[in-house]
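Down below is the structure, laid out as structure tokens.
The values are calculated or read from the model by the stated rules, or taken from the named source; none is laboratory data. Because the structure is a prediction, the values reported are computed rather than measured. Positions of Cβ are generated from backbone atoms using ideal geometry, with glycine treated the same way; all protein chains shown enter the neighbour counts. Accessible surface areas use protein heavy atoms only, side chains included; no ligands, DNA or RNA. Shrake-Rupley method; radii C 1.70, N 1.55, O 1.52, S 1.80 Å.
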Amino acid sequence: MLGGVTFARNQLYRDPALIWTDNVTTHPEGARGHNNLAWTLQKQGKSELANAHFARAIELQPDYLLAHYSWG
């Protein structure tokens with residue numbers, strides 16, 4: 001059973017966007033997860049979706065300077 005869980009989790013590590021999407025799904029109130037997902041999406045050229053996650057990170061934690069910097 002644990003081998004199956006490990007296999008499934010390892011599939012996420014193939015794509016950083018999948019890791020952070022899983023993190024945001026599991027912990028939707030985490031500003032860091034939204035910021036890191038946004039950064040990853042931005043690097044993949046998905047600016048519109050990235051902007052939504054940058055905005056959510058800042059909404060959750062207005063003083064999160066890294067999110068402000070990354071979005072700027």
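For the reader, a short list of remarks on this structure follows.
- Region 48-72, residues that are polar (S, T, N, Q) and either open to solvent by 40 Å² or more (accessible area, probe 1.4 Å) or in contact with a Lys or Arg (Cβ under 6 Å, 6 or more places away or on another chain) (or both): N51, Q61
- Residue match in region 36-45 (condition: on the phi < 0 side of the Ramachandran plot and loosely packed, with under 11 Cβ neighbours inside 10 Å): no
- Considering region 52-72, the residues that are out of contact with any helix residue (DSSP H, G or I) (no Cβ under 7 Å at 6 or more places or on another chain) and not hydroxyl-bearing (S, T, Y) include one that is modelled with the lowest pLDDT, namely G72.
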